[in-house]
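First up is the structure itself, then whatever we jot down about it.
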Amino acid sequence: MTVKSSDSADSFLILILPVALAITFLFSTWRLLLAIAGFVALLNIFQRYRWQKWSKTLNPTFHKLIQENQGRITTLDLAMRANLSAAKAKRYLDYKAAEFGARVLEPENGSSGYFFVTARTLGSIFDDSEPPLSLPEPEFEQKTLVEDLPALEENQVQEPEENEVATPEQTTIAEAETSSPDTPTHVQVAPESLLQSELAKRLDVNSSTVYKHRSNPDFAEWSRSRDPEGIAWEYSSEEKRFFPIAVEQ
């Protein structure tokens, strides 16, 4: 009995001794620990304040890059424009991506990419996804023209009969016009402007193909070669429409 009670007392002392030492340490150093915790908290607050102040100075450059690149930006773009290190640029873009819910693109050449959705980029996305417009066939107008043609021909035949005897000069002019008819001229009427889906239908290509080529310098020549009337087109990023720039007669 004595041996068992001695063993239980020793095991109890082994358990209570570390707890007693920890309580003694905290009681004697709680002021120091409190000071360290307060210093760390103040340091974090100060660093956050400096970060927010520095971010405000960098925001104009960031907004300008977003507008120029239609919402796409990489770490290298920001680092080159703002003269920053890659680590700072990436930290800033990660912060902005979390703030605005941007999409992180796959790295290109070791530089992370980000896509921020703006009103302009959203309009481009909707324009790309717009289905081709189906124009109704003007059957009524065609029937009206066919019905009016006989009446026009009868009026043209009756006009010479109703006129009096023509003068020699008029007869000569009429004979000249009859013997050498002018070559019919074809007037090409180009639309004032087209949406991306409308131009794609006109060029007989996909809307994504037009979107891919619209920023290229040779887009005018490319569109001219595919246009059924040989009309060259240019893209206006402000109005989000395509305008004709040349019409071949």
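The values are calculated or read from the model by the stated rules, or taken from the named source; none is laboratory data. Source: prediction; values computed, not measured. Neighbour counts run over all protein chains shown; Cβ positions are idealised from the backbone, glycine included.
Values as computed for the structure displayed
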| item | result |
| --- | --- |
| Sole residue being in contact (Cβ under 8 Å) with a residue 24 or more places away in the chain and surrounded by 10 or more Cβ atoms within 10 Å (Cβ to Cβ), chosen from ILE73, ILE36, ILE16, ILE23 | ILE73 |
| Single condition LEU33 does not satisfy, out of (1) in a loop (DSSP other than H, G, I, E, B); (2) out of contact with any helix residue (DSSP H, G or I) (no Cβ under 6 Å at 6 or more places or on another chain); (3) not small (Gly, Ala, Ser) | (1) |
| Evaluation of ALA176 against (1) assigned to a helix (DSSP H, G or I); (2) among the small types (Gly, Ala, Ser); (3) at pLDDT below 85; (4) under 15 Å from PHE242 (Cβ atoms) (one fails), failing number | (4) |
| Qualifying residue in the range 46-59 (condition: without any contact (Cβ under 8 Å) to a residue 24 or more places away in the chain, touching a strand residue (DSSP E or B) at 6+ places or on another chain (Cβ under 6 Å) and not acidic (Asp, Glu)) | no |
| Pick from the range 59-91, criterion small (Gly, Ala, Ser) and either modelled with pLDDT under 90 or part of a helix (DSSP H, G or I) (or both), ranking: nearest to SER215 (Cα to Cα) | GLY71 |
| Positions within the range 226-248 being modelled with pLDDT of 85 or more and either assigned to a loop (DSSP other than H, G, I, E, B) or more than 27 Å from the chain's Cα centre (by Cα) (or both), in sequence order | ASP227, PRO228, GLU229, GLY230, ILE231 |
| Any hit, the range 86-94, residues being among the small types (Gly, Ala, Ser) and closer than 29 Å to SER237 by Cα | yes |
